[in-house]
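Report on the following structure.
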Amino acid sequence: MKIPSLSLPAAASVLGLALFAVTTVAQAPPPGGDHPHPPAPAPTNLKVLPKTLTGDQVHEIMHGWAKALRTQCDTCHTADPVKKMPNGQPALNFADDSKKEKETARAMVKMTMDINKNYTSMVESSRNNAPEAKMVGCGTCHRGQVDPPAWVPPPDHEHHEGAPPSAPH
């Protein structure tokens, strides 16, 4: 039996998605941590994450992202007008795509995967002269905020003659 092979770009994309999912799950809080929950239903509307993930895996990834942005699930997910949680609160409709924040999150995930796949691999780690590249994640820029804070460089107190102020010293 011949097994079909993937093209190099397709294989790289699959590897990038898998690596992103694994690193995100590794950064997520442990199951049963702050928010114990019943088993999550199978996801039905995955457009960026691998469709082979279980509901619990997606739940862990989402909680990792929410923690990195210090936000709640309803930032991206709409309330279901029919379903209720055991506490009487509206359940969330995770498959609904009507909130712009959800599309923004998908774009950010794609950007992060692209950076990790195509750029961080070109940068050696500066710690202990390790050859492995550092992976970026939501918290790399967001630092616990939905809107990442603007980075302001420190004032340039040293200016060498003949060098423009923005040149490295």
**Message:** For a quick check: with amide H placed at 1.01 Å from N, whose amide H comes under 5 Å from residue 91's, ignoring anything fewer than 5 positions away on the same chain?
**Reply:** 80, 83, 84, 85
**Asked** What spacing in nm lies between the two simple spin-label points modelled at residue 96 and residue 146, each 7 Å away from Cα in the Cβ direction?
**Response** 1.6
**Complete:** Label model pair residue 80, residue 134: point-to-point distance (7 angstrom along the Cα→beta-carbon line) in nm is 4.1
**Message:** Straight-line reach only, C-alpha to C-alpha below 29 angstrom: list the lysines that residue 84 could link to, leaving out same-chain residues fewer than 8 apart.
**Reply:** 47, 51, 67, 99, 100, 102
**Message:** Please list, by residue number, every one of the chymotrypsin sites (Phe, Trp or Tyr not before Pro) in segment 48-147 that is coil in DSSP and has at most 15 other beta-carbon atoms within 10 Å.
**Reply:** 119
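Readers should treat all values here as calculations from the given coordinates under stated rules, not as data from a laboratory. Just so it is clear, the structure is predicted and the values come from calculations on it, not from any experiment. No Cβ is skipped: glycine too gets one built from the backbone with ideal geometry, and neighbour counts run over all protein chains shown.
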